[in-house]
Amino acid sequence: MNSTCLITGASSGIGRELALYYAAQGWTVYAVARSKDKLDELSRQQGAIHAVVLDLTGRDALRSCAERLHAEGVVLDLLLLNAGTCEYVDVNDLDLTAFDRTFAINFQAVVSSTKYFMPLLKASLAPKLAIVSSMAHFFPFTKSQAYGASKAATSYFADTLRLDLAGSGISVHLIEPGFVDTPLTQKNDFTMPFLLPVQEAAKRIYNGLQQGKTRLRFPLRLSFMLKLLSMLPYGLRNKVAQRMKQ
């Protein structure tokens, strides 16, 4: 029997590559995003990909979508919550709506998707819930107040889910990538160390989840560097962050 997954944020970037990669491995993929045109293009590329046009920030629509999939008999072996965005802010004129938008998709949509889609995992023999966060919250980066804080919340949410779902049969997997070459990161105007091709990122996520890893951090060189920086005495850590800002 073929395995089935649902991937959010599937219209571009990591989500799109994940949808293509899983379909190429023989999975049935439910690809979720707001862009119908991009999802239809995905479906034309891979017949195993089913387009699900949905705005994850609309809770009523999300609930209705989950109920429809349940009524159709969809059973998920993997729920992969990948949708995300990034907005940089000016500390001298904090854009509150930028915080609202960032948290709405990076955190609140993850919580809502977990609530409404997780029941579709329960009939699977080996259900997995995977949440994509970021290494951004490991260390303070300039103008990243909204993005980093939203990812810190997301990582904490995933870790506590794992704690409270222990014994339920559902395994929880936290994915914290570094810089990946996507339309989102292509907007950055700074050097991105150890930048990975999006195809490589999708492959690493697939392999890591197949191996049952509960936390995926890549590339390892960036993870190691940020861990070392986070272990510095607080005052020295702040000085390093200030130098990196310049």
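How much FRET efficiency would the formula 1/(1 + (r/R0)^6) give for A61 and D159, where r is the Cβ-Cβ distance and R0 is 25 Å, rounded to 0.05?
Working: r = 28 Å, r/R0 = 1.13.
Calculated value: 0.35.
Working from Cα positions, state the angle (0 to 90°, nearest 10) between the long axis of helix 234-245 and the longest principal axis of the chain.
The helix 234-245 is inclined about 80 degrees to the chain.
Between A126 and R221, 0.36 nm times their residue separation minus their Cα-Cα distance comes to what?
Full extension from A126 to R221 adds 31.1 nm.
Just how large is the dipole of the range 120-246 about the Cα centre, in debye to the nearest 20, putting +1 at every Lys and Arg Cβ and -1 at every Asp and Glu Cβ? Please list the in-between numbers first.
Values: 17 positive and 6 negative charges, 55 e Å.
Its charge dipole is roughly 260 debye.
Can you give me the angle between helix 220-230 and the longest principal axis of the chain, using Cα atoms only, in degrees from 0 to 90, rounded to the nearest 10?
For helix 220-230, the angle is close to 50 degrees.
Going through the cross-link list K143/K239; K187/K245; K38/K213; K151/K213; K36/K187, which pairs have a Cα-Cα distance over 25 Å in this structure? Don't jump to the answer; show the numbers that get you there.
On the way: K143/K239 16 Å; K187/K245 18 Å; K38/K213 30 Å; K151/K213 19 Å; K36/K187 23 Å.
Going by Cα-Cα distance, K38/K213 fall outside the 25 Å limit.
What is the sum of charges, Lys and Arg at +1 and Asp and Glu at -1, for the other residues whose Cβ falls under 14 Å from the Cβ of K227? Please list the in-between numbers first.
On the way: positive: R215, R217, R221, R237; negative: E176.
That sum, taken over residues with Cβ under 14 Å, equals +3.
Kindly express, to the nearest 10 degrees and within the range 0 to 90, the angle between helix 13-24's C-alpha long axis and the longest C-alpha principal axis of the chain.
Computed tilt is about 40 degrees.
To two decimal places, what compactness ratio does the range 100-246 give when its Cα radius of gyration is scaled by 2.2 N^0.38 Å? Let's see the in-between values first.
Working: Rg = 16.4 Å, N = 147, 2.2 N^0.38 = 14.7 Å.
With N residues counted in the range 100-246, Rg over 2.2 N^0.38 Å equals 1.12.
Rounded to two decimals, what is Rg over Rh for the range 68-151 when you use alpha-carbon atoms and the Kirkwood radius? Numbers along the way, then the final one.
Numbers: Rg = 16.1 Å, Rh = 14.4 Å.
Ratio of gyration radius to Kirkwood radius for the range 68-151: 1.12.
Give me the one-decimal nm value for the distance between modelled label points at K143 and N2, 7 Å along each residue's Cα-to-Cβ direction.
4.3
Would you mind classifying the range 1-130 by shape? Square roots of the alpha carbon gyration tensor eigenvalues, ordered a ≥ b ≥ c; an a/c under 1.5 is rounded, otherwise it is prolate if a/b is larger than b/c and oblate if not. Could the numbers behind the result be given before it?
Values: a/c = 2.14, a/b = 1.60, b/c = 1.34.
In terms of gyration-tensor shape, prolate.
As a test of reading the structure, rank S150, S168 by solvent-accessible area (1.4 Å probe, protein chains only), most first.
Working: S150 0, S168 65 Å².
Largest accessible area first, the list is S168, S150.
Based on a Kirkwood Rh over C-alpha pairs, give the Stokes-Einstein translational diffusion coefficient of the chain at 25 °C and viscosity 0.890 mPa s in µm²/s.
Details: Rh = 18.6 Å.
Rounded to a whole number, D works out at 132 µm²/s.
With a 1.4 Å probe and every protein chain kept in, tell me what percent of the accessible surface of the chain is carbon plus sulfur.
Values: 6740 of 12660 Å².
Here carbon and sulfur together make up 53 percent of the probe-accessible area.
Based on the Cα atoms of the range 121-184, what semi-axes does the equivalent ellipsoid have, where each is the square root of 5 times one gyration tensor eigenvalue, given in whole Å with the largest first? Show your work: numbers first, answer last.
Values: eigenvalues 151, 37, 11 Å².
Calculated on Cα positions only, the semi-axes equal 27, 14, 8 Å.
The values are calculated or read from the model by the stated rules, or taken from the named source; none is laboratory data. Nothing here was measured: the structure is a model prediction, and the numbers come from that model. FYI the Cβ positions are ideal-geometry reconstructions off the backbone, even for glycines, and counts take in every protein chain you see. We work out accessible area using only protein heavy atoms, side chains counted, and drop any ligands, DNA or RNA first. Shrake-Rupley method; radii C 1.70, N 1.55, O 1.52, S 1.80 Å.
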